[in-house]
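To keep things clear, I will list the structure first and then write my remarks on it.
The values are calculated or read from the model by the stated rules, or taken from the named source; none is laboratory data. Note that the coordinates shown come from a computational prediction; the quantities given were computed from them, not determined experimentally. Heads up, the Cβs are rebuilt from the backbone with ideal geometry, glycines too, and the neighbour counts pull from every protein chain shown.
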Amino acid sequence: MSLQSAHALPRGARWWLPLLVLVVLLLVWEVAVRRSAAQGLVPLPSGVLASAVKLTANGVIIDAMSGSLARVLIGFAFGALVGIPLGLLIGILPVMDRALRPVLDALRSIAPIAWIPMAILWLGVRGDAALFVVAYGAVFPFIVNTSQAARLIDRRLLAAARALGAGPWILLRSVMLPGSMPLIFTGARIALAFAWASIVAAELAIGIKIQGQGRSVAGIGQLMVETLYVQRDVDALVFYMLTIGLVSLLIDAGLRWLQQRLLPWSQH
Amino acid sequence: MTDMQSMRRIRNLVEPLLGLALVLAMWHITSRHVANATLVPPPALVWKAFVAMLDDNLPQDILASLLHLAVGYSLGVSCGLALALLAASSRWLDAVIDPFAEFLRPISPIAWIPLAILFLGVGRAVPIFLIFYASIFPIFVSTLAGIRRVDPSLVSAAQSLGASRLIVVRNVILPAALPAVVAGARLSLGVAWMSLVAGEIVGGDAGIGWRILWYQEFFQMDRVMAGILVVGVLGFAADTALRLLQKHAGRWNPAQGNLT
């Protein structure tokens, strides 16, 4: 890249340089906080590490995470179940596309978390409300990508299959679905990332609503609210935050791996 | 011939409304069936609530949300752009910035809410911070990719004609990367809008998201529904504005306009 300066990086610098900067930053941070009066108010790197060990050992983080993840998976499955058939319908029939697009665009524009008051009213605070928010957010990436995929199917493949006597069911199963799978999978990755962000948001909102009315730590969001308002433990909060990031990385890596295993014909 | 054309025109007008009509009808029937205006406020009631809110504090709520968006988004986008330019200009900076961005990116803005509340207090700073944080990454990633795709022969051509570094950046690289920048800005806006609503609901004290929760405290569910729909309309309007901008930015540059 000619915009970049000519000095090449020393060998291995891409690996040790960011690590070095990180270590220096953390050390400076640790020392600065320990010397100031802000100790206990500002997270300490060593404190975050200690929280990580403690909360993993006593299972608090694992309980909360498994609660949230279970809800994400159910909401995600619901999104796939509704979104993929609807997307196929829209992609195959132009009439459906013209009729449904405006209303789907309108619904898609509503941030899922905005539904939280209605969801709490309909489904209660024990977790189902968060599930509704997640499912709502997960439907649209499936619809958008599946309809796009169905539209992009090579017409010649369809014509060839039809010429060989394939009925509509075989067309759908053997031509449409395999051809659409790569894009649908990309939609699934977007949906899952979106679902994971939505569950945390929904659980935070629910946690704030029922704060002080009997605790029910059902997920990572409620746990964070409790940590924030009851225990006031900054180090644990940072640890939870990092775990949320780690889980979304793992989810995405897992889906990429799955895509390569299941759909070797897809490009990404 | 004209008959066919007018038929088609009517069809083009009616078809897009079919889905909307269907949803409205289903909503109306459900509300009749449930017969509880708190549980499922009927469409007509929500419309009345919306009109009443227009005279009440809806305009000032929308203004508050737009202010959050304007401050947070412009800060976040300029930060993301600056970081992308820095990373593109030096291998050393790139080696530091890129891993940090990749490390922070999976931590969704939502996960920052508790810390933001702790350090900034419940108030306007929380949604603004979330929008800022959310907007940085999409435009950073997209701009960096756009700059790396710039045809190197364009850069060498400008350099061999004696262009300085500044001129190369301003007159060659930025225009060529513009479609990618705008595409990134649109992605940023999408995440920013979601963070705005979440930030206002969980940790704000103004704006349309906060107002939805406020009405819920009084069980004015017709107003809650109206507020939810306003969130949708505003999000849609913002995305449409940037989609038009994107079309405009990509038009003169077909080679890249199609890529992003």
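Brief remarks on what is shown
- Criterion (surrounded by fewer than 15 Cβ atoms within 10 Å (Cβ to Cβ), touching a residue at least 24 places away in the same chain (Cβ under 8 Å) and more than 8 Å from chain B (Cβ to nearest Cβ)) met by exactly one of A:Arg173, A:Arg261, A:Arg256: A:Arg256
- In the set A:Leu88, A:Leu69, A:Leu73, only one residue is buried (at least 19 other Cβ atoms within 10 Å of the Cβ) and in a helix (DSSP H, G or I); that residue is A:Leu88.
- Scanning segment B:135-147 for any residue that is at pLDDT below 90, in a helix (DSSP H, G or I) and at the interface with another protein chain (Cβ under 9 Å from one of its Cβ atoms) turns up nothing.
- Test: B:Phe50 is within 10 Å of chain A (Cβ to nearest Cβ), surrounded by fewer than 20 Cβ atoms within 10 Å (Cβ to Cβ) and either in a helix (DSSP H, G or I) or in contact with a strand residue (DSSP E or B) (Cβ under 9 Å, 6 or more places away or on another chain) (or both): no
- Scanning segment B:214-228 for residues that are at the interface with another protein chain (Cβ under 7 Å from one of its Cβ atoms) and surrounded by fewer than 21 Cβ atoms within 10 Å (Cβ to Cβ) gives a single hit, B:Gln216.
- Within segment A:82-139, considering residues that are under 22 Å from the mean Cα position of the chain (by Cα), among the β-branched types (Val, Ile, Thr) and more than 9 Å from chain B (Cβ to nearest Cβ), the one nearest to B:Val224 (Cα to Cα): A:Val133
- Residue match in segment B:79-87 (condition: within 12 Å of chain A (Cβ to nearest Cβ), within 25 Å of the chain's Cα centre (by Cα), surrounded by fewer than 22 Cβ atoms within 10 Å (Cβ to Cβ) and at pLDDT 90 or above): yes
- In segment B:54-63, the condition of being outside any helix (DSSP H, G or I) and either within 25 Å of A:Ala202 (Cα to Cα) or among the small types (Gly, Ala, Ser) (or both) is met by no residue.
- Flag if B:Asp56 is charged (D, E, K, R) and touching a Gly at 6+ places or on another chain (Cβ under 7 Å): no
- Residue check for B:Val224: among the hydrophobic types (A, V, I, L, M, F, W, C), in a helix (DSSP H, G or I) and closer than 21 Å to A:Lys209 by Cα: yes
- Pairs with Cβ under 8 Å, 6+ apart, first in segment A:193-211 and on the phi > 0 side of the Ramachandran plot, second among the small types (Gly, Ala, Ser) and outside any helix (DSSP H, G or I): none
- Any hit, segment B:122-133, residues being crowded, with 16+ Cβ neighbours inside 10 Å, hydroxyl-bearing (Ser, Thr, Tyr) and assigned to a helix (DSSP H, G or I): yes
- Taking the listed residues A:Ala129, A:Ala160, the one that is surrounded by 16 or more Cβ atoms within 10 Å (Cβ to Cβ) and either modelled with pLDDT under 90 or farther than 30 Å from B:Leu189 by Cα (or both) is A:Ala129, with no other qualifying.
- Scanning segment B:134-153 for residues that are among the aliphatic types (A, V, I, L, M) and over 19 Å from B:Ser90 (Cα atoms), we see that the one that is surrounded by the fewest Cβ atoms within 10 Å (Cβ to Cβ) is B:Ile136.
- Just one of the listed residues (B:Arg32, B:Arg8, B:Arg105, B:Arg91) is within 25 Å of A:Val200 (Cα to Cα) and charged (D, E, K, R), namely B:Arg105.
- Verdict on A:Ile208 being more than 10 Å from chain B (Cβ to nearest Cβ) and in contact with a helix residue (DSSP H, G or I) (Cβ under 8 Å, 6 or more places away or on another chain): no
- Here the helices (runs of 4 or more DSSP H) wholly within segment A:104-207 that include at least 3 residues being out of contact with any strand residue (DSSP E or B) (no Cβ under 7 Å at 6 or more places or on another chain) and among the basic types (Lys, Arg) are A:155-163.
- Members of segment A:22-54 found to be closer than 18 Å to A:Leu228 by Cβ, assigned to a helix (DSSP H, G or I) and of a type in the set (Val, Ile, Thr), listed by number: A:Val48
- Given (1) over 23 Å from A:Ala202 (Cβ atoms); (2) in contact (Cβ under 8 Å) with a residue 40 or more places away in the chain; (3) not aromatic (Phe, Trp, Tyr), index of the condition A:Arg98 fails: (2)
- Only one of the listed residues (A:Ala253, A:Ala236) is modelled with pLDDT of 85 or more, in contact with a helix residue (DSSP H, G or I) (Cβ under 6 Å, 6 or more places away or on another chain) and not in a loop (DSSP other than H, G, I, E, B). That residue is A:Ala236.
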